[in-house]
Structures are given as C-alpha cells and as structure tokens.
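The values are calculated or read from the model by the stated rules, or taken from the named source; none is laboratory data. All of these numbers come straight from a predicted model, not from anything done at the bench. As a convention, Cβ positions derive from the backbone with ideal geometry for all residues, glycine included, and neighbour counts pool all protein chains shown. Protein only, heavy atoms only, side chains kept; ligands, DNA and RNA dropped before computing areas. Shrake-Rupley method; radii C 1.70, N 1.55, O 1.52, S 1.80 Å.
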Amino acid sequence: MDYAEKAFLEIEMPNVVSWNASMGGSFSGGKVLQFFTRMRGSGLRPDHVTLAHVLQNIKDVDLFSAQQIHSLIIKMIGEEVDVYIGGALVEIYTKYGYIRESQRVFNNIRGKDITAFNLAIQGYIRDGHVAEAYRLFYAALQMSMEPNQASNVKVTNDQN
C-alpha cells in the first residue's frame, strides 16, 4: 500500500472518489482515520461510500472511534442509513455488546436486504441474544425475504 499512498499523495486536488478509493484499500483502521480526518480538513464532504469505508476499516480499532463516526453520520444525513453504513454499524455495535444501539441502527436501515438481516442475526447469536436472532429471522421471512445459507447456518448453529 505504500505505492498507492504515494500515488494518492501526488494528486494535486483529490476529489471524493479518489479519497474513497484510497480509504477502500488495504489501509489499517488507524490509517483510514488519518485519511478521513485529512479529507474533512480539505473541505470535502464525505459521501455514503466514504462513511461505509471508514466504518468497515475501523471496526477493529475501538468503539469510541466508531461512535464518533456514527455521530457524524447522524449529523450529516440523519438516523436513516443505507444498507452499507447500517450493516457496518450493526456489526460494530453487536461486536462490542451494544445490542440496543445495534437494534436502533437496524430499525433505521432503509432498504433492508437479507445481508443486513444476516449481519444482525450473526451478531445477536455471537453475543448470546438468541431470541432476538430468531425474531429477526422470522421478520425476514415475513418480509418475503429468502434466507440464504448464511441465514440458515447462523440460526441453526445455535441449536447444535
């Protein structure tokens, strides 16, 4: 990634797309936060791709950084988020055991798909919230979503 970073730094006036491309690469979470801070300092407004990249790359950094980015998202676009941002936030909050926050984010995802349901189900089972996982599984069925192998494995693994 050193070459990619050097190439990026040579861009005279990077736009949102070039920032997104750099943050979507293999940078560590700390490096992505540095790039995100620099992007915001340049006066460019991050878009939903930027925010999803940042969240995906910082999920293993620390909860506080993720909460700060989430606060920025609420300030910029409100509580309702797309599947990419919402999925990343659900994954982060369930990983750290913040189930209520995860549920709140999940409820505010517009255009939920089976992937969003799977992320939430997986997180709930991992954190011992099996009843909530089953509730979401059946909610997906009631919405005429077709569970895939990931859905079934995540729910049935708990029964073993």
Legend entry - Computed [θ] at 222 nm, deg cm²/dmol, the chain (DSSP H ≥ 4; -39,500 (n - 2.57); rounded to nearest 500): -21000 deg cm²/dmol
Legend entry - Listed residues TYR138, TYR96, TYR124, most fluctuating in the chain (Gaussian network, C-alpha, under 10 Å): TYR138
Legend entry - Neighbourhood charge, 15 Å Cβ-Cβ cut-off, centred on GLN56 and excluding it, Lys, Arg +1 and Asp, Glu -1: -2
Inset, instruction - Springs between alpha-carbon atoms under 10 Å, Gaussian network over the chain: tell me which of GLN34, GLN142, GLN122 tops the mean-square fluctuations. - result: GLN142
Legend entry - Relative contact order %, the range 11-53, counting alpha carbon pairs below 8 Å whose residues are six or more apart: 53
Inset, instruction - For GLU146 and VAL17, compute 0.36 nm times the residue count separating them, minus their Cα-Cα distance, and round to one decimal in nm. - result: 43.1 nm
Inset, instruction - Name the residue, out of ILE109, ILE11, ILE73, whose mean-square fluctuation peaks in a Gaussian network model built on the chain with Cα pairs under 10 Å. - result: ILE11
Legend entry - Pairwise label distance in nanometres, GLU80 with GLN34, each label 7 Å out on the Cα-Cβ vector: 3.9
Legend entry - LYS112, LYS6, ranked by accessible area, largest first (probe 1.4 Å): LYS6, LYS112
Legend entry - Estimated Rh, the range 1-98: Kirkwood, alpha-carbon pairs, angstrom: 13.7
Legend entry - Accessible surface, the range 61-126, averaged per residue in Å² (probe 1.4 Å): 45
Inset, instruction - Under a cut-off of 29 Å between alpha-carbon atoms, report the lysines in cross-link reach of LYS6, not counting same-chain residues fewer than 8 places apart. - result: LYS31, LYS59
Inset, instruction - Take every Cα pair under 8 Å in the chain that's 6+ residues apart, average their separations, divide by the length, and report that relative contact order as a whole percent. - result: 15
